[in-house]
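Below is one structure, written out as structure tokens; comments come after it.
The values are calculated or read from the model by the stated rules, or taken from the named source; none is laboratory data. None of these values were measured; they are calculated from a predicted model. Note: ideal-geometry Cβ built from the backbone for every residue, glycine included; neighbour counts use all protein chains shown. These area figures cover heavy atoms from the full protein model, side chains too; ligands, DNA and RNA do not enter into them. Shrake-Rupley method; radii C 1.70, N 1.55, O 1.52, S 1.80 Å.
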Amino acid sequence: MQKITTLLKNLGPGLLFASMAIGTSHLVLSTKAGAQYGWIMLVPIILANILKYPFFEFGIRYTNATNKTLIEGYLNRGKGYLWFYALITLVSTFTILAALYLVTSGLLINLLNFTNASITLVAFALFAFISALLIIGKYVFLEKSLKIIVSILGIALLATTAMVIFKGKVNEVANFNPPSLFSNASILFIIGLVGWMPTAVETSSWLSMWTIEKQKLTNKKLNLKEALSEFNFGYIVTAILAIFFMTIGCLSLYGTNTEMSSSAVGFADQLINLFTVHIGEWTTIFVATAAFATMFSSCMTAHDAIARVSIDVLQKLKNKPNNTTEETKKQSKSYFTIAVLVLTVINLAVIVFFNSNMGKVVALATFVSFIVAPVVGYMNLKNVLSTDVAKEHQPKKWLQILTYLGILFLSLFAVYYCYIEIIA
């Protein structure tokens, strides 16, 4: 009991990771995976969560052992590493937030039944609201609010999954033909699922930024075992919830020839119906609220993290040393405010440019994230095996082997992905 109490008290970066990950990869891709391909999708979901685990774990391990962010570690390995990560961050700036806010806007329109509302205007309102929350509330607000939001989603999702399993699988239509797993469309979908499951590898640096922020807030540093326990809890939760979403999609839609909508609003309607059809119409408002709250929290965590990472990358490129003077702290607050607002303007422009088409934005974000994933994984491994980290804090042999397997796994997918998208 004491261990559970301590774990809940220490929740921070791992909780934010879970909240951020349970977004597009879960609500959209996991549900579609079950709906379109059935139980076979358990394989890529489980494989992705296992083989990508070390890349994220190193974000906690490196920062806990060195009191430095992964980004500073990249700089220590060589400025080329930092420039490469800066380019990844630049692409993320133009894609990830736009994709998250589009899905969230669709869920909000569904929740409030704004049938004639412009999704672009709703996205603008969300950007403005979340920007204000981040600028005023900062990390403290994030951590406290997400404990409630993730709990609500977990309860709603557990209840729905249990109901779906109890009712059993829907009857297949007479003319149902299972889609081929080896068609280009199927392979591209699986690649996208793996690329964003549980989330993009480059977000490992977000974990390291949140770890530093948590330490500043509490004036307390967890030992490595406590920090990893807190992260592992969040990571396991994200993996289980991904399987829940896939189960709901599989038992409710697989075999019915139902096409999942590519529009944010249309998909939101289908998603809410999946839940309410099995629990009851009276739960619509609760389920819609939980789904919206989940994506809302993903928007907050991603917006916060990209702002922090962008500032850190720019400062490291300018060779600005870390400073703890009061004047520097005030400058950091100003930089954070500017970064949050700049991200808002940029991603609103992306939404307008893509004509509010969720599919195009997600496809672009997926392409970039997937191609760079094995490289970022290798960079993280270099960090934790460097002289920055004391021998006793470096990953054990089994974790190093798992890392190389993950790099190989993602590299093979990335090469094939490039072949389909560019050559074929």
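Of the residues in segment 170-177, not one is open to solvent by less than 10 Å² (accessible area, probe 1.4 Å), under 29 Å from Ile420 (Cβ atoms) and not polar (S, T, N, Q).
Yes/no matrix, rows are residues, columns are (1) closer than 23 Å to Leu381 by Cα; (2) open to solvent by 10 Å² or more (accessible area, probe 1.4 Å):
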| site | (1), (2) |
| --- | --- |
| Gly168 | no, yes |
| Trp196 | yes, yes |
| Ala200 | yes, no |
| Glu213 | yes, yes |
| Glu226 | yes, yes |
| Ala239 | yes, yes |
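Filtered by the rule that a residue be open to solvent by 10 Å² or more (accessible area, probe 1.4 Å) and among the β-branched types (Val, Ile, Thr), segment 56-85 gives Thr66, Thr69. If the condition is being in contact (Cβ under 8 Å) with a residue 12 or more places away in the chain and within 21 Å of Leu410 (Cβ to Cβ), then segment 167-193 contributes Leu181, Asn184, Ser186, Ile187, Leu188, Phe189, Ile190, Ile191, Gly192, Leu193. Kindly evaluate Val362 against the criterion of being in contact with a helix residue (DSSP H, G or I) (Cβ under 7 Å, 6 or more places away or on another chain), assigned to a helix (DSSP H, G or I), surrounded by 23 or more Cβ atoms within 10 Å (Cβ to Cβ) and at pLDDT below 75. Yes.
Among the residues that make up segment 33-48, is at least one of them modelled with pLDDT of 75 or more, within 25 Å of Glu213 (Cα to Cα), in contact with a Phe, Trp or Tyr (Cβ under 7 Å, 6 or more places away or on another chain) and part of a helix (DSSP H, G or I)?
Filtering segment 33-48 down to residues modelled with pLDDT of 75 or more leaves 33-48.
Within this subset, residues satisfying the condition of being within 25 Å of Glu213 (Cα to Cα) are none.
No, there is no match, as no residue in segment 33-48 is modelled with pLDDT of 75 or more, within 25 Å of Glu213 (Cα to Cα), in contact with a Phe, Trp or Tyr (Cβ under 7 Å, 6 or more places away or on another chain) and part of a helix (DSSP H, G or I).
Contact map, segment 25-47: residues that are on the phi > 0 side of the Ramachandran plot paired with residues that are outside any helix (DSSP H, G or I) and at pLDDT below 85, Cβ distance under 9 Å, separation 6+ or inter-chain. Pairs shown: Gly38/Pro178; Gly38/Tyr254; Gly38/Gly255.
Looking for whichever is within 16 Å of the chain's Cα centre (by Cα) and open to solvent by 10 Å² or more (accessible area, probe 1.4 Å) here; the options are Ile50, Ile88. Which one fits?
Checking each option against the conditions leaves just Ile50.
In segment 83-104, the residues that are more than 14 Å from Val28 (Cβ to Cβ) form Cβ pairs under 6 Å with partners that are part of a helix (DSSP H, G or I) and of a type in the set (D, E, K, R), at six or more places apart or across chains, as follows: Ile88/Glu202.
Going by what's in this entry, would Lys391 be described as under 22 Å from Ile71 (Cα atoms), at pLDDT 90 or above, touching a Lys or Arg at 6+ places or on another chain (Cβ under 6 Å) and of a type in the set (D, E, K, R)? Lay out the reasoning, then the answer.
Values: under 22 Å from Ile71 (Cα atoms): yes; at pLDDT 90 or above: yes; touching a Lys or Arg at 6+ places or on another chain (Cβ under 6 Å): no; of a type in the set (D, E, K, R): yes.
Spelling it out, it is not the case that Lys391 is under 22 Å from Ile71 (Cα atoms), at pLDDT 90 or above, touching a Lys or Arg at 6+ places or on another chain (Cβ under 6 Å) and of a type in the set (D, E, K, R).
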